[in-house]
Amino acid sequence: MSLKTIVFSIVSFALGVALVASTPTASSEGDRAADAAAIRAHIGSIFQAFIDRDEKKIYDTHSEDWRGMLEGYPTPIKGIDEYMKANGIDWPKPANAPKPQPYYAAGTTYKMDHFDVHFYNPELAVANFIGEFQSKAGATLRRFRIMDIYAKRNGNWIQVASHTVVDPNWRAEQMSQPRTITPEIREQILAKRDAVWKAWFANDRAQLEKLIPEEVIAISDGEDGWSDRAKIFAQAKSFADSGGKLVRLEFPKTEIQAYGNTVLIYTSYVYEVDVNGKRETASGRATEMFVRRGDELVNVGWHMASGK
């Protein structure tokens, strides 16, 4: 081998070593245990900030150029200000603004399972995990599937992006469980039920179109067939055209069940109408089905039967 060949081989080998050393390589959590622990602790501090509703901490743990997708927000989020807005936080706060109430009850904790961090270079890491908030009794309040992207800036890891969604398996479980009906929710449901009945008796077409969807199915007392939307609207118009007016409407007993976005109402009813000076009273029982669509409750069906 000539001297020229030997020199060329040595130079080539040195360049190859330098190139390998300078090229960023992916590494696992085990190779970067300290950084992985720091990222996990940082994510934990975000969970705790949401439990405490420490809005300043939430702001500080995310970069100004944050990007990502959050459950319930319709578009990709660009920047920390939009991130705060997407979480329902009015930011920045006025200097004299009162301290907000915590999002969760006292004793709420968080949990992270299947936690994995992968480093794509010394200053870029991706964490994937299942995260959840738990009540003091240990019940799962919310469970998420999360991918957080972290960057190392000024020597510290900070979250720069995330894709956060409610765990679909947990959501499916919750949809089959009865929801708690608070007094406020009960009042809203009953107000919507009353609005449907009164709109029908008044032949308020605008309200009926808003509250009764196309797919409605109704079984009314004394009728052989079932009613669709067109027939329901026609019956309301016929009642109004005959000179009928609602005089009294009462619901002596009402029970409510709610599952996910579906509300079931079991009720007894009494109503009195005046048709050209003639009073008529009717009473019975009804089962009514409502579904939440956006901020609205729509009446998708009912079954009425006369009697006590």
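The values are calculated or read from the model by the stated rules, or taken from the named source; none is laboratory data. The model shown is predicted, which means the values in this text are computed figures rather than measured ones. Here the Cβ positions follow ideal geometry from the backbone for every residue, glycine too, while neighbour counts run over all protein chains shown.
This table checks each residue for (1) under 25 Å from D35 (Cα atoms); (2) in contact with a Phe, Trp or Tyr (Cβ under 9 Å, 6 or more places away or on another chain); (3) in the same structural domain as H163 (by TED's automatic domain parsing); (4) modelled with pLDDT of 95 or more.
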site	(1), (2), (3), (4)
P92	no, yes, yes, no
P100	no, no, yes, no
A105	no, no, yes, no
T109	yes, yes, yes, yes
M147	yes, yes, yes, yes
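Each row is one residue, and each column tells you yes or no for (1) of a type in the set (A, V, I, L, M, F, W, C); (2) modelled with pLDDT under 95; (3) surrounded by 15 or more Cβ atoms within 10 Å (Cβ to Cβ).
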position: G88; (1), (2), (3): no, yes, no
position: A95; (1), (2), (3): yes, yes, no
position: H118; (1), (2), (3): no, no, yes
position: R153; (1), (2), (3): no, no, no
- Item | Within segment 53-73, tally of residues that are surrounded by fewer than 17 Cβ atoms within 10 Å (Cβ to Cβ) and without any contact (Cβ under 8 Å) to a residue 40 or more places away in the chain | 6
- Taking segment 192-222 only, how many residues are out of contact with any strand residue (DSSP E or B) (no Cβ under 9 Å at 6 or more places or on another chain) and of a type in the set (D, E)? 3
- Query: If A125 satisfies every condition in (1) assigned to a loop (DSSP other than H, G, I, E, B); (2) at pLDDT 95 or above; (3) of a type in the set (A, V, I, L, M) but one, which is the exception?
  - Reply: (1)
- Check whether at least one residue in segment 133-147 is among the basic types (K, R), touching a residue at least 60 places away in the same chain (Cβ under 8 Å) and within 21 Å of A41 (Cβ to Cβ), and report yes or no. no
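Residue-by-condition table, conditions (1) part of a loop (DSSP other than H, G, I, E, B); (2) surrounded by fewer than 14 Cβ atoms within 10 Å (Cβ to Cβ); (3) under 39 Å from the mean Cα position of the chain (by Cα):
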residue: A230; (1), (2), (3): no, yes, yes
residue: S238; (1), (2), (3): no, yes, no
residue: V247; (1), (2), (3): no, yes, no
residue: A258; (1), (2), (3): no, no, yes
residue: T267; (1), (2), (3): no, no, yes
residue: V273; (1), (2), (3): no, no, no
residue: G284; (1), (2), (3): no, no, yes
residue: M289; (1), (2), (3): no, no, yes
residue: W302; (1), (2), (3): no, no, yes
- Task: Residue by residue through segment 159-196, note down the ones that are more than 30 Å from H42 (Cα to Cα) and in a loop (DSSP other than H, G, I, E, B).
- Result: S176, Q177, R179, T180, I181, T182
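Name every residue in segment 198-217 that is more than 30 Å from the chain's Cα centre (by Cα) and not polar (S, T, N, Q), in order of residue number.
Looking only at segment 198-217, we keep the residues that are more than 30 Å from the chain's Cα centre (by Cα), and these are 198-205.
Within segment 198-217, K198, A199, W200, F201, A202, D204, R205 meet the criteria.
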- Residue list for segment 181-219, filter: exposed (fewer than 15 other Cβ atoms within 10 Å of the Cβ), of a type in the set (A, V, I, L, M) and modelled with pLDDT of 95 or more: A191, A206, I217
- Task: Being surrounded by fewer than 18 Cβ atoms within 10 Å (Cβ to Cβ) and either modelled with pLDDT of 95 or more or in contact with a Gly (Cβ under 8 Å, 6 or more places away or on another chain) (or both) is the filter here, so list the residues in segment 291-300 that pass it.
- Result: V291
